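Here is the structure we will look at.
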Amino acid sequence: MAIFQLEIADADVARVFSAVCSNYGRPEVTANPEYVVDYSDPDNPIFPVDLVGVPIPITIPNAETEGDFTHRIVRQFLSDHVEAYEIDVAKKAAAAAVSASVVITDPDA
């Protein structure tokens with residue numbers, strides 16, 4: 001398998017990560033999977049707490065680092081472009097292989 005690498009100057013790494021994360025919408029926080037409200041009694045929902053009674057937060061810091069997010073976005077970008085290109089080539093080849101001409105005449109002429 002081939003390895004595709006990029007080199008970014010140390011001084012620019014944070015800028016690149018910040019730009020990609022901002023442009024592609026990486027959230028700083030994400031839903032906390034441990035935050036589950038018990039609505040078995042709709043009039044008295046039970047909000048989650050930890051073992052010592054401290055409320056569990058609704059959100060937690062995003063576990064996907066900015067670097068991991070940027071790598072995932074770059075891989076998806078490359079994959080999307082290969083897919084778009086290959087679909088375009090296939091459409092053009094299919095269109096070229098089709099005989100779209102028809103003979104239509106006026107029987108009264």
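Quick one: in the stretch 25-46, which of the residues that are part of a loop (DSSP other than H, G, I, E, B) and of a type in the set (A, V, I, L, M) is nearest to residue 72 (Cα to Cα)? Please lay out each step first, then the result.
Applying the first criterion (part of a loop (DSSP other than H, G, I, E, B)) to the stretch 25-46 yields 25-28, 32-37, 39-45.
Among the residues that remain, those that are also of a type in the set (A, V, I, L, M) are: 36-37.
On the way: 36: 29, 37: 32 Å.
That would be 36.
Checked against the criterion of being exposed (fewer than 12 other Cβ atoms within 10 Å of the Cβ) and not aliphatic (A, V, I, L, M), the stretch 11-21 contains one or more residues that satisfy it.
Could you say which residue among 60, 73 is farther than 27 Å from residue 2 by Cβ, surrounded by 13 or more Cβ atoms within 10 Å (Cβ to Cβ) and at pLDDT 95 or above?
Details: 73 fails: farther than 27 Å from residue 2 by Cβ.
Matching residue, one of 60, 73: 60.
Every test in (1) under 31 Å from the mean Cα position of the chain (by Cα); (2) part of a loop (DSSP other than H, G, I, E, B) is passed by residue 22 save one, and that test is (2). Every condition in (1) assigned to a loop (DSSP other than H, G, I, E, B); (2) modelled with pLDDT of 95 or more holds for residue 89 except the one numbered (1).
Checking each residue in the stretch 47-69 for being assigned to a loop (DSSP other than H, G, I, E, B) and within 12 Å of residue 32 (Cα to Cα) picks out 48, 56, 57, 58, 62, 63.
The values are calculated or read from the model by the stated rules, or taken from the named source; none is laboratory data. All figures in this text were calculated on a predicted structure; none of them were measured in a lab. Glycine gets a Cβ as well: all are built from the backbone with ideal geometry, and neighbour counts include every protein chain shown.
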